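Chemist: Pasting a structure below so you can have a look.
The values are calculated or read from the model by the stated rules, or taken from the named source; none is laboratory data. Because the structure is a prediction, the values reported are computed rather than measured. In this analysis, Cβ positions are derived from the backbone assuming ideal geometry, glycine residues included, and neighbour counts consider all displayed protein chains. For accessibility, only protein heavy atoms count, side chains too; no ligands or nucleic acids. Shrake-Rupley method; radii C 1.70, N 1.55, O 1.52, S 1.80 Å.
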Amino acid sequence: MAKPVIFSIDDDPSVLNAVEHDLRAHYGQEYRIIPINSGKAALGYLKKMQQRNETVALFLVDQRMPEMNGVEFLQRAIQAYPQAKRVLLTAYADTEAAISSINEVGLDYYLMKPWHPPEERLYPILDELIEDWKIHVHLPYDGIRVAGTLWSLPSHQVKDFLTRHQIPYQWLDIEKDSNVRQLVEDATSENVKLPTVFFPDGTLLVQPNLKDLADKVGLQTRAELPFYDIAIVGSGPAGLAAAVYAGSEGYKCVVIEKAAPGGQAGSSPKIENYLGFPSGISGDDFTRRAISQAKRFGVEIISAQEAVKVCVKDKYRLIQFADGMEISCHAALVATGASFHKLRMPGGDKLTGAGIYYGAAHTEAMYYKDRHVYVAGGANSAAQGALYLSRFASKVTVLIRGPQPTASKYLVDAMEEDEKVELLLNTDLVELKGETTLDQIVVKNTVSNEIQTFDAAALFVFIGVRPQSQLVADLVKRDEKGYIYTGTDLIVDNKPPQGWPLDRPPFLFETSVPGIFAAGDVTFGTNHRVASAAGAGAIAFAMMKEYLKLL
Ligand SMILES: Cc1cc2nc3c(=O)[nH]c(=O)nc-3n(C[C@H](O)[C@H](O)[C@H](O)COP(=O)(O)OP(=O)(O)OC[C@H]3O[C@@H](n4cnc5c(N)ncnc54)[C@H](O)[C@@H]3O)c2cc1C
């Protein structure tokens, strides 16, 4: 954290030098001494300090300055730094001004020039003020700060990206705090654009795209090599398991991830059915361990890059990224998992990020403290989301289309035991209402056809899981929903798929194109579980190894 600042402001260079010398000698170790020769320049400096979230301990200001006198300066400066101590440096003739400013700007002291010797006439006074400041000051947060509005998709995306990458940040709500609005206006020349992300080094990003944000926070967004033995698309359990084995056996391996490491598993508040973790493991923890394990074995992980197409060129497999970049490899693994599909009903698009969130209970839960929120879905992910939300919300109503939740028994039991969680069975969502933010949801009972409208602070959606296989849509065999066929599922009547060019049948987890493998939730027959995906990723690597041997 940057040292707190002591400002000395005086237009007379000899006085400014002398004050700076004395301040530096006594306070230089603990405080940054900033000498400035005009009030106007000091106000400009203060704005930059606010953007860097730095703090001021004390202003020591000359009263007599041509453009702006000391009291006028303090009147403006204390709006930004109300906790800072205020000392006016005065000549005898300015005593009146100093006395009247005691009330006007809450002056803490006025010092008569000259102040020598400082040991007697300067330090004891300032020491006391600084001690008092230290006791009462709330030191500012010295990490990344995100200023935005709660009900905005771009703000949500930035928060979600940082949360899912486990990068701490402070959320500043422009609608709740006028100082935040001022801070953003100053930083963006009054043309307020949200979110505005402030970094501790004083720089900022305005409405950043995720790649710029990833670059800024130090994530790798470009491949280091043009060619890899194995390239993996997707850093969920399947992709990371394959990566750990590939790295550990010395293969040049890269993982490409468009959103956040850990995939769906990374967004789980607690995975309780993964072997070896009897009291469960959070998605964050699971992801952190897997990523550091893969990196330890030399695997490259490229963040905020979407792979848009996989194609074949001779014995190479090419992966094209959304930004035009391309890498080549000998074997590619599609481990792109599944995602919740967007609600196709009135209000669905407009209110996404403004009260409607897809699987993002983790990122948004704490902003819905003491509010009544809704969860759509009856499977494990929805149940976990509901239980996590109930730690913050006053009530969580879970909308379940069928007559029973389909979640595992331990999760159904936990929901039934949680007084804040209510289950609405046989309930279908029909409409989402609200102008700029979600206000109400309309639901229909599928048995009685009764329509009901409820006030809703937020709706967390965990339904309609769809495989993310578009990048190989024109290349490999998929079922009508988009799940990729692999291995023995490709064999019909003892025959390999049409166009299969080799004498051998496809390996386990190999797709209808040799050298392109798929594992986890994106594959046909998946059971949507962390352990299954991790296991499939591990076996897919073993098969890719066999494939590489035959090249
Ligand atoms: C909230 C929640 C809780 C869950 N809890 C449990 C649980 O407790 N126990 C359990 O067994 N299972 C649980 N599951 C299910 C489990 O997480 C999944 O089955 C598992 O994560 C699937 O792993 P995967 O690697 O196949 O895919 P995913 O985890 O879906 O990962 C795929 C990754 O690929 C990335 N990707 C997709 N397309 C591209 C592209 N074109 N370019 C680059 N990257 C791309 C995605 O962003 C994603 O990060 C839960 C799921 C959710 C959503």
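Chemist: Dipole magnitude of the chain about its Cα centre, charges +1 at Lys/Arg Cβ and -1 at Asp/Glu Cβ only, in debye to the nearest 20?
Modeler: In debye, rounded to 20, the chain gives about 1960.
Chemist: Just add up the charged neighbours of Val254: K/R +1, D/E -1, any other residue whose Cβ is under 11 Å from the Cβ of Val254.
Modeler: -2
Chemist: Can you check what the net charge comes to around Ala91, using other residues whose Cβ is under 14 Å from the Cβ of Ala91 (Lys, Arg +1; Asp, Glu -1)?
Modeler: Taking every Cβ under 14 Å from that of Ala91, the sum is -4.
Chemist: May I ask for the net charge around Thr188, where only other residues with Cβ less than 15 Å from the Cβ of Thr188 are counted and Lys, Arg are +1 while Asp, Glu are -1?
Modeler: So the surrounding residues net to +2.
Chemist: With respect to the cross-link table entries Lys159/Lys193; Lys159/Lys258; Lys3/Lys176; Lys211/Lys309, which display a Cα-Cα separation exceeding 22 Å?
Modeler: From the list (Lys159/Lys193; Lys159/Lys258; Lys3/Lys176; Lys211/Lys309), the Cα-Cα distance tops 22 Å for Lys3/Lys176.
Chemist: Still on this structure, I have one more. Just the number: Rg to Rh for the chain, Cα atoms, Kirkwood Rh, two decimals.
Modeler: We get a ratio of 1.11 for the chain.
Chemist: With angles folded into 0 to 90 degrees, how steeply does helix 283-296 sit against the dominant principal axis of the chain? Use alpha carbons for both and round to 10.
Modeler: Tilt of helix 283-296: around 80 degrees.
Chemist: Going toward the positive end of the dipole of region 92-200, with +1 on Lys and Arg Cβ and -1 on Asp and Glu Cβ, which of Ile130, Ala97, Leu111 do you reach last?
Modeler: Positive-end residue among those listed: Ile130.
Chemist: Here is a further query. What order, most packed first, do the peptides 311-321, 478-488, 330-340 have when packing is the mean number of other Cβ atoms within 10 Å of each residue?
Modeler: 330-340, 478-488, 311-321
Chemist: Still on this structure, I have one more. Explain nothing, just the number: relative contact order of the chain, from Cα pairs under 8 Å at least 6 residues apart, as a whole percent.
Modeler: 11 percent
Chemist: Order of 280-290, 454-464 by packing, highest average Cβ count within 10 Å first?
Modeler: Final packing ranking: 454-464, 280-290.
Chemist: Separate question: Please report how far the C-alpha centroid of region 301-362 lies from that of region 493-551, rounded to the nearest whole angstrom.
Modeler: 20 Å
Chemist: Now a separate question. Taking Cα atoms, how many degrees apart are the long axis of helix 153-164 and the longest axis of the chain, rounded to 10 and kept between 0 and 90?
Modeler: That helix lies at roughly 80 degrees to the long axis.
Chemist: Would you mind telling me the share, in percent, of accessible area of region 60-104 contributed by carbon and sulfur at probe 1.4 angstrom?
Modeler: Summing carbon and sulfur atoms, their accessible area is 50 percent of the total for region 60-104.
Chemist: Moving on to the next point. Students often forget the sequence filter, so: which aspartates and glutamates lie under 15 Å Cα-Cα from Lys270 once same-chain residues fewer than 8 apart are removed?
Modeler: List returned: Asp284, Asp285.
Chemist: I'd like to compare 189-198, 96-105: which one has the highest average count of other Cβ atoms within 10 Å, and what's the full order after that?
Modeler: Top of the packing list down: 189-198, 96-105.
Chemist: Would you list Lys258, Lys545 from the most to the least accessible area, probe 1.4 Å?
Modeler: Listed by decreasing accessible area, they come as Lys258, Lys545.
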